[in-house]
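The values are calculated or read from the model by the stated rules, or taken from the named source; none is laboratory data. Treat the numbers as computed from the prediction; the structure is a model and nothing was measured. Note that each Cβ is placed from the backbone with ideal geometry, even for glycine, and that neighbours are counted across all protein chains shown.
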């Protein structure tokens, strides 16, 4: 019995060597392997994030940043990793660094708003979302984010305004319609 197990293990090892499979394999949500051999470090970090390997993604992004401290996208992605881990302090610090490097990046402002929103700091979230929308007001989800933050501070008219703007851009979105209805009901 042991001879068979050893034989099969040897065969598997030989196949891996012949195919030159990476030792550090990432699996996606379906358990299938993701080949990271020909991908950039940022793409590899995305694979780790999608697979739920946040520590690996964090380590890779920190390495990218150590090699290029002006990589705003790496700081942004690192901030989002920290946000998913509910490490709000480091998420905010990473996103603020990204914004120092690219102050007009609407995505970075939106992501900072997500940090504040999840912390329950709705006024700060509103400020970040407003800046994001000021830079680019054609992304419905950003308008909804702003509307949700307004809703949480009981500014229902402003929330409804944002939901209406989102519906203009995405008129078939039932979630946006429901949010608008809820805001309008609160205004009565």
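Odds and ends about this structure:
- When residue 36 is tested against the conditions (1) surrounded by fewer than 17 Cβ atoms within 10 Å (Cβ to Cβ); (2) more than 19 Å from the chain's Cα centre (by Cα); (3) in a loop (DSSP other than H, G, I, E, B); (4) at pLDDT below 95, the lone failure is (1).
- Pairing each residue of the stretch 109-126 that is touching a residue at least 24 places away in the same chain (Cβ under 8 Å) with any residue that is outside any helix (DSSP H, G or I), provided the two are 6+ apart or on different chains, yields C-beta distances under 7 Å for 122/153; 123/153.
To keep it simple, each residue is scored yes or no on (1) in a helix (DSSP H, G or I); (2) within 20 Å of residue 133 (Cα to Cα).
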| site | (1), (2) |
| --- | --- |
| 46 | yes, no |
| 55 | yes, no |
| 58 | yes, no |
| 70 | no, no |
| 116 | yes, yes |
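- Residue under evaluation residue 87, criteria (1) surrounded by fewer than 21 Cβ atoms within 10 Å (Cβ to Cβ); (2) under 23 Å from residue 40 (Cα atoms); (3) free of Cβ contacts under 8 Å to residues at least 24 places away in the same chain; (4) within 14 Å of the chain's Cα centre (by Cα), criterion not met: (2)
- Against the list (1) farther than 20 Å from residue 141 by Cβ; (2) touching a helix residue (DSSP H, G or I) at 6+ places or on another chain (Cβ under 6 Å); (3) in contact (Cβ under 8 Å) with a residue 24 or more places away in the chain, the condition residue 98 fails is (1).
- Any hit, the stretch 122-136, residues being modelled with pLDDT of 95 or more, surrounded by 15 or more Cβ atoms within 10 Å (Cβ to Cβ) and not in a helix (DSSP H, G or I): no
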